[in-house]
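Below is one structure, written out as structure tokens, with a few remarks after it.
The values are calculated or read from the model by the stated rules, or taken from the named source; none is laboratory data. The shown structure was predicted, so the numbers you read here are calculated from the model rather than taken from an experiment. So basically every Cβ, Gly included, is an ideal-geometry build from the backbone, and we count neighbours across all protein chains shown.
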Ligand SMILES: [Zn+2]
């Protein structure tokens, strides 16, 4: 038990480091900058960070949320993303134990977080998250053999077909782009992780959350850009965790059992 607790702690700390890297991706990918060079800088004065000022979560707290050089505030987004990814990793390895499933869950959660935050900030869903994630989703699916791979492939295909159709239909009706290409690519990736039922559930959930949150706002502020990827990411995470339970409940509801 102690050994597994230590393992979960190690996974959590590793997750915080991945979260630190995710912060770099969130800022640099939409700007088409390299995520490896140059090394981490202050977002305000662009001075390179010393290693001791780049420790996930802790450095931000020690520095009081301010840059050591220019004293300008460092967004709270940085420690929050690090904490969230640490949580995703810790929970995944605690729940699944040390194995491929835990790695798959941790990676999927990290991708969704990266997509959600990037879309919220920049209205862009980078290909690195979607196409890269698709590759990972298809690779991980082999754990369940060829049948698992086919499931993932089918999920990706349904994700593409469904979103492509919605984008096309939306454009016909609204006479403008209703859904970005990033959303389509994102759902292809999501399908490779969740299968075709998961795609349907994610789309339904994303539309529901999006309407609840943004419906009232868009009524007031017409023409507001809606980062749909944020809601799709939230719905995909929920589907990953309790999708099977929802499906069972829904089927029971339909058949009256
Ligand atoms: Zn600075």
Among (1) in a loop (DSSP other than H, G, I, E, B); (2) modelled with pLDDT of 95 or more, the one test that residue 108 misses: (1)
Looking at (1) surrounded by 17 or more Cβ atoms within 10 Å (Cβ to Cβ); (2) touching a residue at least 24 places away in the same chain (Cβ under 8 Å), can you tell me which one residue 157 breaks? (1)
So residue 61 passes all but one of these: (1) within 16 Å of the ligand (Cβ to nearest atom); (2) on the phi < 0 side of the Ramachandran plot; (3) surrounded by fewer than 16 Cβ atoms within 10 Å (Cβ to Cβ). Which condition number does it fail? (1)
Would you mind stating whether residue 199 is touching a residue at least 12 places away in the same chain (Cβ under 8 Å) and over 16 Å from the mean Cα position of the chain (by Cα)? no
Which numbered condition in (1) touching a residue at least 40 places away in the same chain (Cβ under 8 Å); (2) surrounded by fewer than 24 Cβ atoms within 10 Å (Cβ to Cβ); (3) within 22 Å of residue 126 (Cα to Cα) is the only one that residue 193 fails? (2)
Residue 120 being assigned by TED's automatic domain parsing to the domain that holds residue 56, under 22 Å from residue 228 (Cα atoms) and part of a helix (DSSP H, G or I): no
Kindly check whether there is at least one residue in segment 73-83 that is in contact with a strand residue (DSSP E or B) (Cβ under 8 Å, 6 or more places away or on another chain) and either away from the ligand (no atom under 16 Å from the Cβ) or not assigned by TED's automatic domain parsing to the domain that holds residue 192 (or both). yes
Looking at (1) in a helix (DSSP H, G or I); (2) surrounded by fewer than 15 Cβ atoms within 10 Å (Cβ to Cβ); (3) on the phi < 0 side of the Ramachandran plot, can you tell me which one residue 145 breaks? (3)
Whether any residue in segment 159-172 is touching a helix residue (DSSP H, G or I) at 6+ places or on another chain (Cβ under 6 Å), on the phi < 0 side of the Ramachandran plot, assigned by TED's automatic domain parsing to the domain that holds residue 118 and modelled with pLDDT of 95 or more is what I want to check. yes
Quick test for you: out of 186, 179, pick the one residue that is surrounded by 18 or more Cβ atoms within 10 Å (Cβ to Cβ) and in a loop (DSSP other than H, G, I, E, B). 179
Considering residues that are assigned to a loop (DSSP other than H, G, I, E, B) and away from the ligand (no atom under 15 Å from the Cβ), the number found within segment 22-58 is 12
Determine whether residue 205 is out of contact with any strand residue (DSSP E or B) (no Cβ under 7 Å at 6 or more places or on another chain) and either surrounded by 18 or more Cβ atoms within 10 Å (Cβ to Cβ) or outside the structural domain of residue 151 (by TED's automatic domain parsing) (or both). yes
